Structures are given as C-alpha cells and as structure tokens.
Amino acid sequence: MSSPAQVIFRVDASPRIGTGHLMRCLALAELFLDQGHDCTLAYAQCPPTLLQRAQRTGLGTLALSGTDPQSRLQALRAQLLVLDGYQFTPAYRRQLAQLAEATLALDDAQDDRPLYASHVLNSSPQARPEDYRRRAPQARLLLGMEYAPLRQEFLRLARPDPVAAPDPAAAPGRILISLGGSDILNLGPALARLLLDRQPGLHIDLVMGAAATSGKEQAQRLAKDYPQRLSLHQDSQQMARLMQQADLAITAAGSTLLELAYMALPGLALVVADNQAPALRPPYSDWFQVRDLRQRPDPETLGQWVLGQLNPPQRLGQKRQLLRQLAIAKNTRMIPERVLTQS
C-alpha cells in the first residue's frame, strides 16, 4: 500500500443542521481508516456525543473556533479534504480547496452553486452527470447507489438473496422507529405510543439520536409503560442489527433510506425537511411509502396513515422483494482509491 494519506472531513452537526451529514462522513471515514489512512474531523458545531463517536471510530478532531481556523487546517497538510454541508458558500469551498491536494464534495444536488471540487460523490439513485457540468466541470464523478457511503456494520453483512422466495404474508411483528439524529418534529415517542396502544402484540425498537433532546423524557416514560414491548436505544451503533430484526421501519427520508435499501427492509419514509423532498419522487417513492410532513401534521393524523400502511401484509412483502433486486454499495469500498488516485 502507498503511504497513508491525511484526510480531513469538514462537516458540522447540530439540532438545526441535523446529523445526517456527519454520519455519512463517519461512514466514509471508516473506509479510509480501514485502508490505513489518517482522518480528522474539522468542525464548527458538533454535539459532544457525536464528537465522542467520531473519536471512538478513530478520527482526530479539530474545533474550528477562535481566530484563523484556516491556518490550523492548512497545518494538517491534507492530501484530501472532504466537505459535506449546505451551509458552505462557493467562496468558502474555493478557499478550502487550496488547502489540500484533492477535494471531495459530498453532494445532494440541492442547488446550482459551484462546488470547487476535484471529486463529487452523490449516492442518490437520482444523481445525473449533467447536474455537475456547470457546478464541477472538471471533477471526477462518483454517482449513484453503487457508491452509497454505508458504515462497516452494514458492509460486513451479505445482502439479502435477490432470488429468495417471497416472505409469507404477515402483519409486521417488530417495527423500528428512527427519525434521525435530532427528530426535529419530536414524533418518535408519540408514534411509538400510538402503535403500541392500537396494535396488540407489536414490539417496537425506538431509536433516539444523539441530538434528539426534546423527546428523551417521553421515550423513557414510554419504556417504563411498555417494558416488554418497547426497546429504547439511545444513539444506537447497532442499526444494522436492528434492521435485521425488524419487519418494517419508520424513518426520516434522509440517508437512512440507503441503509434500508441495502438491508431490503420495507419502510415508511417521512419527509421532514426540504432536502428530503427527493424521496417523494421515483425511484424512492416506488421502493418506500413516503409521507410529506413539512406542513407539520398532528400525530393522530400521521398515526392513522401509519396504521393504514400495515395492511395488506402482501404489500410489505412486495416492497421487500423489490428492494432485494437493487444493486447498492457494490463500489463503496473503492471510494478511497478512486479519490486518492490522481489519474
């Protein structure tokens, strides 16, 4: 192997920004670390729990507060700078691009601003080369689900057999609820209580993210009320295992959808922010049942919709079969080589 590269991940996380950008950077960092490279998380905002998670993963951390943060970035002499965030202006991206030999932009094609990147990674199935003809005309493009930045806990698992016999039709007995790192609408505990009240025999795994502070007391009360039927997970690092156990997932319509697709787990996808709106269109809307929550519906209305999606059971089996056919993450492990190779 060639000498280790210094890789800087410039990304932020907060209840307002969300945690999805940071989580996919950590997934990407695992790939570089696994191949012997050195990784540093450079941040302006980040919850302490996620900083600790980054450190446990093996990243160094650099707080970009105080005076002249760019000098501290430059001192790391990075071979690769990874940027992930909608808040980064073109001027800021151009400035940072001068601090490393190569720059990788993790992008969702949410706007038409220039990226000033030598490489672009967009793992959406809707990504198109023409999206970058003006935004990054010289960049090497890594597009589509074949480059999905999944964590090692997923990549270590074999994908479900695409030719396996369909699952027998049955109502879901175990549901995973995970509404993002911050659950900005505080819907997780309310949805879990409604389902437990109205679906006897159902078991729920409720995941509360690292930045989901407002609903933690509700979730803890719920766990006491239903000790045999609800498992509460705080900032879980075992999402692949939880997805393996589940018959259905209720999630925010962000990067978790790629994880569900990889695990061939049927899902109800909730659009809670504008950057998740692509899930309302095909192919996401073909693979998952999607609901737009940007108008903040009341939990009762949402709960009725969720209950209506549980039947007929054959529909969930059809979705699972469809997800099994997808080609996803087949080139994910090759990302470090493709962005660190100059040719």
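Binning all Cα-Cα separations of the range 244-343 at 5 Å, short to long from zero, yields these whole-percent fractions: 2, 12, 21, 20, 17, 12, 7, 4, 3, 1, 1, 0. Under the simplified labelling scheme, the ALA63-ALA273 pair shows an inter-label distance of 2.3 nm, with each label point 7 Å from Cα along Cα→Cβ.
If you average the C-alpha positions of the range 100-168 and of the range 313-343 separately, how far apart do those two centres end up, in angstrom? Distance between centres, Cα-based: 10 Å. Once the convex hull of all Cα atoms in the chain is built, its volume per residue stands at 136 Å³.
For the pair ARG198 and ARG72 in one chain, pulling the backbone fully straight at 0.36 nm per residue adds 39.8 nm over the alpha carbon distance. Among the trypsin sites (Lys or Arg not before Pro) in the range 249-328, none is located in a DSSP loop while being surrounded by at most 10 other Cβ atoms within 10 Å of its own Cβ.
Value of Rg to Rh for the range 1-88, rounded to two decimals, is 0.95; Kirkwood radius and Rg both from alpha-carbon coordinates. Label positions at GLU337 and ALA109, each projected 7 Å from the Cα along the C-beta direction, are separated by 2.7 nm.
Take the range 1-156, drop everything but the C-alpha atoms, weight them equally and run the Debye formula without solvent; then report log10 I(q)/I(0) at 0.13, 0.14, 0.21 Å⁻¹ to two decimals. Values, matching the q order: -0.57, -0.67, -1.59. Straight-distance candidates among the lysines for linking to LYS319, with alpha-carbon spacing under 28 Å and chain neighbours fewer than 8 residues away dropped: LYS330. Histogrammed with a bin width of 5 Å, the alpha carbon distances of the range 293-343 distribute as 4, 14, 11, 11, 10, 13, 10, 9, 9, 5, 3, 0 percent, first bin at zero.
In percent, rounded to a whole number, the relative contact order of the chain is 16, using alpha-carbon pairs under 8 Å and six or more apart. Placing a pseudo-label 7 Å from each Cα along the Cα-to-Cβ vector at GLN87 and SER285 gives an inter-label distance of 3.2 nm. In plain terms, if you count all Cα to Cα distances in the range 174-324 and split them into 5 Å steps from zero, the share in each step is 2, 10, 21, 25, 23, 14, 5, 1, 0 percent. Within the range 197-282, the proportion of C-alpha pairs whose separation exceeds 14 Å stands at 69%. The distance from the alpha carbon centre of the range 42-73 to that of the range 211-251 is 28 Å, rounded to a whole number.
Laboratory data are not the source of any read-out in this text; all were calculated from the coordinates shown. What you see is a predicted model; the values in this text were computed from it and never measured. Here the Cβ is made from the backbone with ideal geometry for all residues, glycine too, and neighbour counts use every protein chain on show.
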